[in-house]
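Enquirer: Below you'll find the structure I mean.
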Amino acid sequence: MHAQAPRANFNYPTLYRLGCGRRRELAAACAEFKISRPLVITDPGIAPLAWSRELIADLERAGLAVAVFSDIQGNPVEANVTAGVAAYHAHRADGCVLLGGGSALDAGKCVALMAHHPGSVFDYEDVGDNWLRVDPSKIAPMIALPTTSGTGSEVGRASVITDTRDHTKKIIFHPRMLPPLVIADPETTYGLPPAVTAATGVDAFVHCFEAYCAPGYHPMAEAIALEGMRLVAQHLVTCFHQPHDPVARTHMMMASTMGATAFQRGLGLVHAIAHPLGATVGIHHGLANAILLPYVMQHNRPVIAAAMDRLAAYLGLAQPGFDGVYAWVLELRAALQIPHTLTEAAIPGLHPGLAPSLAEAATRDPSLGTNPKPCTTAEIEAVLRAAFTG
Ligand SMILES: [Zn+2]
């Protein structure tokens with residue numbers, strides 16, 4: 001018999017409705033947000049699932065005119081956004097329902113942005129004051145339903161879109177890209193393959209970890225990050241082995257949201273390397289982070305000792321300090337059957353010869369600016385070489 005899974009409504013950092021089965025509140029939520037012709041933006045893996053088809057049928061029974069757009073790839077590109085905007089206008093949609101993992105949520109947030117804005121999505125890249133080009137009143141209404149527990153994109157104010165011209169991931173940002181309503185139903189994650197549960201769950205952990213280690217005064221972000229890491233420590237392995245556990249799935253969905261809330265403080269070198277890795281060879285973002293984390297920890301070790309003392313104590317680890325956290329991270333990865341090196345991950349096209357160009361790209365990634373220890377291109381290359389060889 002399972003313990004009772006948590007169920008709650010929050011209005012921080014946005015309207016947030018958490019609990020098993022709550023996806024069935026979507027039709028009422030559309031009415032609340034005055035959406036009568038929703039474009040459901042989802043990924044091709046979700047669209048054919050029985051529960052998502054039932055969800056669409058629910059909306060239709062409630063009298064909504066629904067169209068589904070699912071032409072979105074992992075590590076989404078501008079063409080996915082452009083096609084989504086075309087689908088939005090073809091349907092004469094008046095709002096977006098974002099249903100999926102990070103790729104669908106990120107692409108969907110950009111469709112909502114670009115539905116009534118001119119030019120290329122990259123005109124709104126998070127550089128300088130580009131975000132002032134946006135008229136917030138012209139961002140389409142959106143409701144987000146995350147179906148993985150990792151990216152936390154449902155509470156993010158930005159999207160990551162790959163620029164195929166130079167194989168970089170670019171951040172599209174506007175404060176109003178934060179979906180005004182999130183419906184977080186842990187049942188939508190029950191069907192995730194164990195490897196996806198593992199990779200996305202470690203991504204949530206790394207969001208908390210990098211936000212926790214980032215420099216600058218931000219006790220709110222630190223507190224959220226610490227508790228997010230504790231929830232991952234307590235529940236991720238259960239989700240991996242018992243995918244239908246409502247309690248563990250609910251806490252992991254919460255941890256994912258907490259990671260993205262905390263990383264408003266910034267990320268670090270793990271993400272700075274994972275972004276060009278994803279843009280270059282299409283490796284799953286969470287898997288890249290999971291592999292890279294211990295190697296980056298070693299690089300940052302001299303400056304994160306005090307933070308690791310507190311983290312080890314908070315997690316209740318047997319061994320204190322950096323060594324305790326490091327050993328526990330390796331154990332967690334092994335329990336989740338995550339490869340120890342990039343070589344073991346056996347990604348087509350990924351080989352150590354790419355280390356110099358990946359390191360060079362990482363130096364230009366915006367996540368690098370909040371890594372706790374500054375790093376040269378040569379140092380990043382050394383981290384990458386270690387991640388290849390172990
Ligand atoms: Zn991430």
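Enquirer: Work from the charge dipole of the chain (Cβ charges, +1 for Lys and Arg, -1 for Asp and Glu, about the Cα centre) and give the residue of PRO118, ALA158, LEU99 farthest towards its positive end.
Expert: Looking along the dipole axis, the top candidate is LEU99.
Enquirer: Can you put TYR12, TYR190, TYR314, TYR88 in order of Cβ neighbours within 10 angstrom, beginning with the fewest?
Expert: Ascending number of Cβ neighbours within 10 Å: TYR12, TYR314, TYR190, TYR88.
Enquirer: Next question, about the same structure. Rounded to the nearest 20 debye, what is the charge dipole size of the range 192-389 about its Cα centre when +1 sits on each Lys and Arg Cβ and -1 on each Asp and Glu Cβ?
Expert: 100 debye
Enquirer: Sticking with this one: So what is the diffusion coefficient of the chain in µm² per second by Stokes-Einstein at 37 °C and 0.692 mPa s, using a Kirkwood Rh over Cα pairs?
Expert: 157 µm²/s
Enquirer: If I take every Cα pair under 8 Å that is 6 or more residues apart in the range 179-252, average their sequence separation and divide by the length, what percent do I get for the relative contact order?
Expert: Relative contact order for the range 179-252 comes out at 41 percent.
Enquirer: A follow-up question, please. Might you report the magnitude of the Cβ-based charge dipole of the range 8-188 about its Cα centre, with Lys and Arg at +1 and Asp and Glu at -1, to the nearest 20 debye?
Expert: My answer is approximately 340 debye.
Enquirer: Taking K and R as +1 and D and E as -1, what net charge do the other residues with C-beta under 14 Å from the C-beta of TYR124 add up to?
Expert: -2
Enquirer: For a Förster distance of 51 Å, can you work out the FRET efficiency between the beta-carbons of ARG24 and ALA306, rounded to the nearest 0.05?
Expert: Step by step, r from the Cβ atoms, then E = 0.65.
Enquirer: Computed over the Cα atoms of the range 8-188, what is the convex hull's projected area averaged over all directions, in nm²?
Expert: 9.6 nm²
Enquirer: Gaussian network model of the chain, Cα springs within a sub-10 Å range: biggest mean-square fluctuation belongs to which of LEU105, LEU192, LEU277?
Expert: It is LEU192.
Enquirer: At 222 nm, what helix-only mean residue ellipticity would the chain give, in deg cm²/dmol to the nearest 500, using -39500 (n - 2.57) for each DSSP H run of four or more?
Expert: Value at 222 nm, helices only: -15000 deg cm²/dmol.
Enquirer: What residue among GLY128, ALA345, ALA305 has its Cα farthest toward the positive end of the dipole of the chain, where the charges are +1 on Lys, Arg and -1 on Asp, Glu, each on the Cβ?
Expert: So the residue we want is GLY128.
Enquirer: Take the Cα radius of gyration of the range 241-390 and divide it by 2.2 N^0.38 Å, with N its residue count; two decimals is plenty.
Expert: Against the empirical 2.2 N^0.38 Å value, I get 1.07 for the range 241-390.
Enquirer: Same structure again: Could you please rank VAL155, VAL127, VAL81, placing first whichever residue has the fewest other Cβ atoms within 10 Å of its Cβ?
Expert: The most exposed by this proxy come first: VAL127, VAL155, VAL81.
Enquirer: Taking the Cα centre of the chain as origin and charging only Cβ (+1 Lys, Arg; -1 Asp, Glu), how large is the dipole, in debye to the nearest 20?
Expert: That gives the chain a dipole magnitude of about 560 debye.
Enquirer: Could you compute the longest span of the chain free of trypsin sites (Lys or Arg not before Pro) located in DSSP loops and having at most 14 other Cβ atoms within 10 Å, not counting the site residues?
Expert: 166-363
Enquirer: Sequence gap at least 6, Cα distance under 8 Å: using those rules, report the relative contact order of the chain to the nearest whole percent.
Expert: Over the chain, the number comes to 15 percent.
Enquirer: Continuing with the same structure: Sorted from largest down, give the three principal axis spans of the alpha carbons of the range 340-390, whole angstrom values.
Expert: Sorted largest first, the three principal extents are 30, 18, 17 Å.
Enquirer: May I pose another question? Which one, ALA204, ILE35, HIS271, is farthest towards the positive end of the dipole of the chain when Lys and Arg carry +1 and Asp and Glu -1 on their Cβ?
Expert: In the chain, that residue is ILE35.
Enquirer: Quick check: residue separation of THR377 and ARG165 times 0.36 nm, minus the Cα distance between them. What number comes out in nm?
Expert: Gain on extension, THR377 to ARG165, equals 74.1 nm.
Enquirer: For THR238 and THR82, compute 0.36 nm times the residue count separating them, minus their Cα-Cα distance, and round to one decimal in nm.
Expert: Difference between extended and current length: 52.3 nm.
The numbers here are math on the coordinates, done by the rules we state, and not lab data. All values reported here derive from a predicted model rather than from experimental measurement. Note: ideal-geometry Cβ built from the backbone for every residue, glycine included; neighbour counts use all protein chains shown.
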